[in-house]
Structures are given as C-alpha cells and as structure tokens.
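Note sheet for the following structure.
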Amino acid sequence: MIRVISYNLRKHKAATELENLAQTADLDALCLQEVSSSRLPAEIGNLHLAGSTKNNRLGLAVYYRKDRYEQLATESFELKKSLHDRIFSPTPERLVGSKLVDRKTGQELVIASFHAAPLTALNSLRRNQIKAAHELLHELGSGVPMLMLGDYNYPLFKDGLTQRVNKTGYDLSLSDRITYTSYKFFRGHFDFVTSQGFTIEGVETLARGSSDHLPILVSATHGITNTHKSTLSAQHATT
C-alpha cells in the first residue's frame, strides 16, 4: 500500500499546513501545486524533497518518505502553453515526476505532481497536457507503475475525460467529496489522480485549510488496475 497527498497551496499560502499533513498515518509522499520553490524546506516531517520546478511563478514539488524509498531520478517538464502561460509564465513547467524504488521490495514506481492549464483555457488543451504528461512519465519510468496527482482544472465533462484516459491504458479516480467550492459555477472535483499499474483503494478529500482547494489522500496498491478489472469483467460476462 502507498499513501500520497496532493494539495494546491494557493500561491503558497497554505504552506504552514504541510507539517500537520506530513503527520498523516503511513504517508509516503506529498504532491504539491502553487508552491514558491525557493521557500520549500528540504524536509517536511519525515518526507524529503525529491524535486520542484524552478522557472514557474507558481511551482510544483514532490516529497517522498526517504526511509521507505530511494530516489532514482526526478525531472520537471514543460507542457503545451495556454494563453495564461504565454502572458505570465513563458516556461510553463506543469509536471514534476520522481522515479522511486521501494527499499524492501525493489519495486520501482513513479509519483508525479501535475497542474493543468487554468479555466481560461479549453478542455482540449488540458486533455493534451494530460496525455503528454503520461507519455513523459512513461519515458521517465520505463513502464513502471505510475501515480499522477494534482490540480487538473477539469470540473466538467469528466466522463469524457475518463474514457479518453482509459483508452490510453490509464485510470482516472475522483475523491469521495468535491475538492473546490470557491467559484459559484465551477465547484466540483478539480483535484484527482490518474494512474497506471495501481489499484486505487480510495481517494479521500481532507479537511479544508487556508487554500481554495482541499487536499486529497490517495491510497493505492501495486497490481491490476481498475481499467483492467473492468476489461476482465466484461470478458467474463461474454463467456
């Protein structure tokens, strides 16, 4: 079992809450969005900074549990630019991925923090960014199990997104409660997880803090994915 929290810090305003979040039982990693990279500590509780973006005004970061995992590689990636990026962030690093190995089992995996283009962009651009992010993480991890958590900025038409993600071999999992309520017409699940090579056991929306997003806690196990389960069930039903 692996347990990972994703949290959009709202321009770093919720950074003071990270020490408490790091005390979450059996927590293995933190995926953060809208951080000030220069102000991030090397350690939060027993979690170690794997890496963060350097060029963004609002960055991303990944922390991991050093006593359980060894870091093999961490990279940040630029994705296709939105109009917002062209104006405010000429080098939009919207993805940080860390390849880790479990010290006990030798299992390699990739954990990534992702932040899609804001709501001023089209869903088609965000779909492009999600697809590109999956491809980049596949290159980083050479096909090992992958969890990509973050702020997908995709409150509407998620059924269509789920179908597109499934066609490329990934699962999309939402949390038990909505993660964003600040906009009257755009409240809903903004923060969720896409995965490959994992069974998602649960995605829990945690208590509200000072951010406009609520953190989510993902619990997952290595092995058969939800998409693969559905495929097997369908095959079984026809035999």
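Quick grid of which residues meet (1) in contact with a Phe, Trp or Tyr (Cβ under 7 Å, 6 or more places away or on another chain); (2) in a helix (DSSP H, G or I):
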position	(1), (2)
ARG94	yes, no
VAL101	yes, no
THR105	no, no
ALA112	no, no
PRO118	no, no
ALA121	no, no
LEU125	no, yes
LYS131	no, yes
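If we keep just the residues of the stretch 1-60 that are assigned to a helix (DSSP H, G or I) and without any contact (Cβ under 8 Å) to a residue 12 or more places away in the chain, which is farthest from GLY209 (Cα to Cα)?
SER38
State yes or no: is GLY141 over 20 Å from HIS213 (Cα atoms) and either in contact with a helix residue (DSSP H, G or I) (Cβ under 9 Å, 6 or more places away or on another chain) or not basic (Lys, Arg) (or both)?
yes
Each value in this text was obtained by applying a stated rule to the coordinates, not by laboratory testing. None of the values given here were measured: they were computed from a predicted structure. Because the Cβ atoms are built from the backbone with ideal geometry, glycine has one as well, and the counts that use them run over all protein chains shown.
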